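Reviewing the structure listed below.
The values are calculated or read from the model by the stated rules, or taken from the named source; none is laboratory data. These numbers were taken from a predicted model, which means no experiment stands behind them. Cβ placement follows ideal geometry from the backbone for every residue including glycine, while neighbour counts extend to all protein chains displayed. The area values use the complete protein model at the heavy-atom level, side chains included, leaving out ligands, DNA and RNA. Shrake-Rupley method; radii C 1.70, N 1.55, O 1.52, S 1.80 Å.
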Amino acid sequence: MIRKLAAGLVAMVLSAAAAAQEYPYRPIRVLVPYAPGGVVDTTTRIVTNKIAERLGRQFVVDNRPGGNGFIAVGIAARGTPDGYTILSAHTGEFAVSPFVFKGVPFELDRDFEAVVMLSDAPMLVVVNSQSPINSFKDLVAAARAKPGAVTFGSPGAGSVNHLASEWLAVAAGVNMLHVPYKGGAPAVSAVASNEVVWTIAGLPGVTPHLQAKRVKVLGTTTAKRTAQTKDWPTAQEGGIPSVDASIWVGFFVPKGTPKAVINKLYSVSADMLKFPDVKERFAVVGGAETIGMPPAEFHTRVKKDAERYRKVVRDVGITPQ
């Protein structure tokens, strides 16, 4: 019996090793929960084009927008765990959606294996260029002077930007009024036209308004300054504790995908992220840094972010829709 068990284990190890050695031998499908042209889509295409050059195999990016990302993530969760179905997702799918939406048809631990964090990008807190608010301390003071009257825009209820804004308000101990818009661009435009007092947005969406001097940046939502945001203070530096919100993009595969295949995907992805042209394009497209975080560490990061947003939802009293 022991010999049979040992033989079986050896066969499994050899099979996994063989799979990794042969992998990939056909095109790989990469599901993206957003339309072409967005940060997740563009990040995915930059990396998979590089990997395709290295491996000599085609990567087919399959955009399945809609349903709060549930469509693409659900398809990926039901995919065959052989390395030929990859999900490219961002913070919202696994760290935010489970707490703000009812009936989420997937679970990270049950349905997926984390492969690699590709990028991580800070978000900016912006106000109108003519606003008397010039710092985080000014923003908090204004909110304390008029509880519930200071407005902030977001790309929509339940978005990462929305939850990051609520996190900032909770950490500062103030109450502000959420105004949802249909996308990040309209939310920034609303600040530029004085419809709302402030918003949180990614660097690419803010830059045109910043260059036109329609908005100004109070600071960033990450705990540390990055190369792209070195000139602006963090919320923590501005006196608001604990805030550390960013938007990462990473690869996931269906649960049960062989470890050898996951390790190969991680290794080649991490190698591609070291190329100077990839780093430059990430910075331009998403204001992001290349990361290359390995599977176990990435999984831990996702779980940590999820717990942070779970707490924000509970503290604010957001009811899942």
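Yes/no per residue for (1) part of a helix (DSSP H, G or I); (2) touching a residue at least 12 places away in the same chain (Cβ under 8 Å); (3) over 16 Å from the mean Cα position of the chain (by Cα):
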{"site": "Val61", "(1), (2), (3)": "no, yes, yes"}
{"site": "Asn68", "(1), (2), (3)": "yes, yes, no"}
{"site": "Val73", "(1), (2), (3)": "yes, yes, no"}
{"site": "Gly79", "(1), (2), (3)": "no, yes, yes"}
{"site": "Arg110", "(1), (2), (3)": "yes, yes, yes"}
{"site": "Ala114", "(1), (2), (3)": "no, yes, no"}
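Quick one: is Val312 touching a Pro at 6+ places or on another chain (Cβ under 9 Å) and surrounded by 17 or more Cβ atoms within 10 Å (Cβ to Cβ)? Let's see the steps before the verdict.
Numbers: touching a Pro at 6+ places or on another chain (Cβ under 9 Å): no; surrounded by 17 or more Cβ atoms within 10 Å (Cβ to Cβ): yes.
It is false that Val312 is touching a Pro at 6+ places or on another chain (Cβ under 9 Å) and surrounded by 17 or more Cβ atoms within 10 Å (Cβ to Cβ).
Condition test on Arg29, is it open to solvent by 60 Å² or more (accessible area, probe 1.4 Å), at pLDDT 95 or above and not in a helix (DSSP H, G or I)?
Values: open to solvent by 60 Å² or more (accessible area, probe 1.4 Å): yes; at pLDDT 95 or above: yes; not in a helix (DSSP H, G or I): yes.
The answer is yes for Arg29.
Considering the range 211-242 alone, what residues qualify as being of a type in the set (A, V, I, L, M, F, W, C) and without any contact (Cβ under 8 Å) to a residue 40 or more places away in the chain?
Of everything in the range 211-242, those that are of a type in the set (A, V, I, L, M, F, W, C) and without any contact (Cβ under 8 Å) to a residue 40 or more places away in the chain turn out to be Ala212, Ala223.
Please go through (1) farther than 25 Å from Lys259 by Cα; (2) under 16 Å from the mean Cα position of the chain (by Cα); (3) not in a loop (DSSP other than H, G, I, E, B) for Ala35 and return the number of the only condition it doesn't satisfy.
Here Ala35 clears every test but (3).
Within the range 123-132, can one find any residue that is among the β-branched types (Val, Ile, Thr), crowded, with 24+ Cβ neighbours inside 10 Å and in contact with a Gly (Cβ under 6 Å, 6 or more places away or on another chain)?
yes
Suppose the filter is in a loop (DSSP other than H, G, I, E, B) and of a type in the set (D, E, K, R); does Glu280 pass it?
no
Just one of the numbered conditions (1) among the aliphatic types (A, V, I, L, M); (2) open to solvent by 40 Å² or more (accessible area, probe 1.4 Å); (3) modelled with pLDDT under 95 is not true of Ala212; which one?
Exception for Ala212: condition (3).
Return the residues of the range 177-195 that are surrounded by fewer than 24 Cβ atoms within 10 Å (Cβ to Cβ) and more than 12 Å from Val215 (Cα to Cα); say none if nothing qualifies.
Leu177, His178, Val179, Pro180, Tyr181, Lys182, Gly183, Ala185, Pro186, Glu195
From the list Pro208, Pro241, pick out the single residue that is in contact with a helix residue (DSSP H, G or I) (Cβ under 9 Å, 6 or more places away or on another chain) and not in a loop (DSSP other than H, G, I, E, B).
Details: Pro241 fails: not in a loop (DSSP other than H, G, I, E, B).
Criteria check complete, one pass: Pro208.
May I ask you to list the residues in the range 81-108 that are touching a helix residue (DSSP H, G or I) at 6+ places or on another chain (Cβ under 8 Å), open to solvent by 10 Å² or more (accessible area, probe 1.4 Å), within 27 Å of Gln58 (Cα to Cα) and in a loop (DSSP other than H, G, I, E, B)?
Asp82
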